[in-house]
1. Assess whether C:LEU92 counts as being buried (at least 17 other Cβ atoms within 10 Å of the Cβ) and without any contact (Cβ under 8 Å) to a residue 12 or more places away in the chain.
2. Looking only at residues in region B:35-75 that are aliphatic (A, V, I, L, M), farther than 20 Å from B:VAL129 by Cα and part of a helix (DSSP H, G or I), which one is modelled with the highest pLDDT?
3. Residue under question is B:ILE560, and the condition is that it be closer than 30 Å to B:PHE440 by Cα and touching a residue at least 40 places away in the same chain (Cβ under 8 Å); does it hold?
4. Condition first: under 17 Å from B:ASP308 (Cα atoms), small (Gly, Ala, Ser) and modelled with pLDDT under 90. Can you find one or more residues in region B:381-390 that meet it?
5. Please go through region B:595-624 and give me each residue that is among the charged types (D, E, K, R) and surrounded by 13 or more Cβ atoms within 10 Å (Cβ to Cβ), ordered by number.
6. Taking the stated definitions as given, is B:GLY415 surrounded by fewer than 24 Cβ atoms within 10 Å (Cβ to Cβ) and of a type outside the set (Lys, Arg)?
7. Give me the pairs, please: first residue somewhere in region B:372-386 and at positive phi, second residue anywhere and assigned to a helix (DSSP H, G or I), beta-carbon distance under 7 Å, and either six or more positions apart or on two chains.
8. Among B:TYR565, B:TYR591, which is the only one that is away from chain A (no Cβ under 14 Å) and touching a residue at least 60 places away in the same chain (Cβ under 8 Å)?
Amino acid sequence: MNIEWYVVLSSLLFAVGAMGILLRRSPIVILLCLELMLNAGNLALVAFSQMVGNQQGQVFAIVVMVVAACEVVVGLGLIVAIFRRKLPLDVDSLRELKG
Amino acid sequence: MSATAWAWLVLLFPLLGSIVIGLGFKVIPTRAAGIVGTASIGLAFACGVAMLVNLLGQDPDARHHASSLWDYASAAGLDIKLGVYVDQLSTFMVLVVTGVSTLIHLYSFGYMRSDEGYHRFFSYLNFFVFSMLLLVLAGNFVLLIVGWAFVGFASYALISFWYRRTTATGAGMKAFVINVVGDIGLVLAAFLIFRELGTFDYGAVFAKAPQAFSTNEWTVTAICLLLLLGAFAKSAQLPLHTWLPDAMEGPTPVSALIHAATMVTAGVYLIARTHVLFVLAPTAADIAAFTGLATLLVAGTIALVMTDLKRAIAYSTMSQIGYMVVGVSIGAYSAGMFHLMTHAFFKALLFMAAGSIIAAMANEQSIDKMSGFGRAMRFTSIAMLCGGLALAAFPFTSGFFSKDEILAYATARGGMYLIFTVLGYVGALLTAIYTFRLIFRVLPGKPCPEAQELIDSGHVHHAHPFNPATGEEEDAEVGFPGAEHHIAEQSAPMRIAMGVLAFLALFGGLVQVPGVDETITRFLDPVFADSPLSEIVPTVGASWTGLAIGAAISLTGIGIAYWVYVLRPGASAALIRRLRPVHTLLVNKWYFDEAIDLLVVRPALAIGRFANRTFERVVVDGLVVGTEDVVGSGGRVVRLVQSGYVRAYALLLIVGFAGLALYFLLSSS
Amino acid sequence: MEAVLFFAAALGALGGAVGVVALRNPFYGVLALIVHLFSLAVLFLLLTAAFVAAAQVVVYAGAVMVLYVFVVAYVGGDTEPTFDPIPGQRFLAPLLGAALFIELSIAVLGSSLLALDTDGSNVKVGFGDPAGIGRLLLERFLLPFEASSILLLLAAVGAVVLAARRDEPGAGTPVPTSTGTPGESRPGEVGTGVPAGDPS
């Protein structure tokens, strides 16, 4: 298969993930969409790794996975903390940054 | 030591005195402050004498030296130095200023003894002498302006010395504002001189001027007219004279020093110093002369009706300076300076005597309430008489020789200038009349209550302190001429000072007797040798004829005063009734104050009010508040972006990212 | 053969992605993402990245997603309200998504990224296996490796701090009060009363 297919698929998944962040209001779902975007990036990396012929892209993809895991951990910890304080789990009502 | 080194010392001592007394007023005891102040001027006088001796040892035509300590600015065509110029004219002025100042300091030592502001007084007085000497010794126009401005400040500080008195502060401000008008003229003249001649230095300016300007060219006339503006403001000539009578709010020594002997003569000195320019602009010189003549006559007439003792003497000063201005404007330079010197003597003496009498009257200055002091205060009366005789140009007093010398010169110049002679003699008559009007009203006759108190008990009358002009109560801490008053009879320093001046007033003129010993003229003439007018010299015979006429007029005037005020006591009241409109005009000082109020003060206030109400509120506030509004609304608009919604921020982020990608796409294709 | 697998996996990935975005209940979203992750693992296998695929399944789908499941179970999933307070968001988001996709596609397909039009280089056997990746990680990319381990530590500590239970009044153990007659003690507590004759 042409590498182009993989890369185009990756950009499509990335766009879907971006759209999801903009459209959904539950923080959990937003985090899930973030996962989508990261995975799309992974896909592109591995595709390029295949194209170039060495494994550095795959190593990069593994590091991205590590980073994604850390970020999920912290994000979910935040959500648990919000839930514990009995605040609504809705990014649109957490508006204190309003200028 | 060279003459210029002495000149620097002359400048140094009064400045040091002022600083020492001014800074050490808490630690220096009262008497010591007075001694330090007087001694510093005395030392300056000694250095002035040394300067004179040094000069006399030189060739008469080479008696001019310049010396500078450092450069203020020497770039871009400017070359301004801290420099002095020593020649016969400046030495003469230095001697007159320091000599009379020393005596006045001595007088103040006794007169101001119980004043709370004793230290402040001596500090200011020393500073004034320093500034006057700076003005006189300056070697370039910039330093002249510095000295000029300092003198103006010192005058202001001393006029409003008793600063809790509203009349005093008002008078100080009036003096300062009018002087500033003169300062403008002087500064503009300096600018013009620099523009035309490229230098500020006296020597260079006076050398280049005859080549750079043709006679009566408009630039040099403009320069001279601007110089005259400055001179007239400082010397209280018409129309910038209104500050001088009000300046009598200051303590009597101040009136004696500043407003009789020294500061008001600065204008005369200026015209004499810049005579080279005035020779090139005869029109301006004539304007100066006629203004001096007008002042002479107007002030003389006003002095006839003044009832305030010090103000009457002030108008007399104005009139005599008119003579000096006439003298140096028509070419009688040395004569004008001689009159300056003798006037310093007898006018200071008259003020001192007046101060003594006013002290005896517990600060009452109106001659309507004074009489019979001839018996109560012998010494003061004799001093006053000496001063009065000299002022009225009684034969063989100093005033006699000096005043008539100017008029003799005017006669010798002839033509149009005979007007000066004629009207000058009219003025002399007026002078004699008003001088002896004062003397005959105050000294002889039945003693008034205060005088009686002196005769009986030897105590000086004590009145409850209040300002005679406004009736408000005096501030005994500061704004009040001391709880105790000092008269000459009870104060040795005052007597010494007045004695010396009386001697000089009577016999000081004998150094310049026409045909016998013309020391002053011979000393000063080389300074003015470059003026074609100095070639006009009245013959000895003409001089003595003039002196004879002057003597006759003086005696006539004294006689008239005697007749009106002593022989026929009701005569003056009858005259006032007959000539009521004239009397009203004179009592209101020819309405100059009212005219200036109408022409200058009210429009200025109106402009100020307009600026405040309209311009400030509409334009300036509009601009400022408008800018504020614009920025505020801009901020409000921008703030809409910060909605607090995370998703909106994410949207903006993705928009930006998409935009960037688009840009890269487009730029790479 | 490869093409069929590719399209199947691609469809699965896409479907999972759309499911995450579209499904209202977050729990279903989590499930959709798991499907997506598995599909991606298949794609990785197609690209001869065996270790990465395995890591994807074990770490991502196995650990991270389990974490998600726990949190969603704890927090619960409310359906979101339909009213969107941000004006224009509902309309702009798909637009931007589309714009992003189109731009990236143009970049990939239409621009001068011509090298993409290839089947990939001929890789030898053993490409993408743990040995090679391990060697790279520990030799050439040692620093990123260590850095990511520190990052993991930080994330763990941070998460614990964030979600720690804070003591609030009213919660926790009740504070003993000294009402009641002295000498009486509550079950399980040390007597607070002062017996008579006790030197104190």
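1. yes
2. B:VAL53
3. yes
4. No, region B:381-390 contains no residue that is under 17 Å from B:ASP308 (Cα atoms), small (Gly, Ala, Ser) and modelled with pLDDT under 90.
5. Hit for region B:595-624 is B:ASP597, nothing else.
6. yes
7. Between residues of region B:372-386 that are at positive phi and residues that are assigned to a helix (DSSP H, G or I), the close pairs are B:GLY372/B:ALA451.
8. B:TYR565
The values are calculated or read from the model by the stated rules, or taken from the named source; none is laboratory data. Remember, predicted model here, so these are calculated numbers, not experimental data. Glycine also receives a Cβ, built like all others from the backbone with ideal geometry; neighbour counts cover every protein chain displayed.
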